[in-house]
């Protein structure tokens, strides 16, 4: 899996992929990252990438020329724009995109990107929440992290994926580290009895309770599937 990030500030993203699970995956060649800076595609003498809005308005907008010339080189990749107008990014999107060979993220800045660029090159638009960020780098990194976890071999134990939150419309069951008893607080004793079917039942019950409390919208979806 190769990720390409179109950004004016590659250093905001690059270091994230040098550590922990993603750093190991990168060293193994399971994921790759590359960066393209729109400033390197400008045709004006000052390498300017932003311009005032047509019709007026507060703030500057990223110009179409540098981005279009850049993206024309990469139009064979799956191009994603983080944007408030995009559909909510979900776990099933992360799983689906992990099967792509190459995903490219276009990170906006200023007051956004000229809409003509989006209309011409976007394969998908995603939002990671109903809030505004300074730029698209954080959103792109979040999505790339979620996608990477679903690439074969990135997680040491791929069984972890089957128990993660949002699988089967439920949050993941609560987790407990050893020891069982700590400062007068105990983990469920059933988890230590070795009865795998009982443990599975307990985890499912805890997952349902957690989902019902924290995410009633997901719980309703789960029950609508006819599950108990």
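Does the range 106-128 hold any residues that are within 15 Å of residue 144 (Cβ to Cβ) and not in a loop (DSSP other than H, G, I, E, B), and which are they? Selection gives 106, 124, 126.
Looking at the structure I just gave you, is residue 117 surrounded by 12 or more Cβ atoms within 10 Å (Cβ to Cβ), modelled with pLDDT of 95 or more, in contact with a strand residue (DSSP E or B) (Cβ under 6 Å, 6 or more places away or on another chain) and closer than 22 Å to residue 49 by Cβ? Reasoning before the result, please.
Values: surrounded by 12 or more Cβ atoms within 10 Å (Cβ to Cβ): yes; modelled with pLDDT of 95 or more: yes; in contact with a strand residue (DSSP E or B) (Cβ under 6 Å, 6 or more places away or on another chain): no; closer than 22 Å to residue 49 by Cβ: yes.
For residue 117, the condition - surrounded by 12 or more Cβ atoms within 10 Å (Cβ to Cβ), modelled with pLDDT of 95 or more, in contact with a strand residue (DSSP E or B) (Cβ under 6 Å, 6 or more places away or on another chain) and closer than 22 Å to residue 49 by Cβ - is not met.
When you look at residue 161, is it in a helix (DSSP H, G or I) and either over 29 Å from residue 151 (Cβ atoms) or modelled with pLDDT of 90 or more (or both), yes or no? In short, no.
The values are calculated or read from the model by the stated rules, or taken from the named source; none is laboratory data. Since the model is a prediction, treat every value here as computed from it, not as a measurement. All Cβ positions, even for glycine, are placed from backbone atoms using ideal geometry, and neighbour counts span all protein chains on display.
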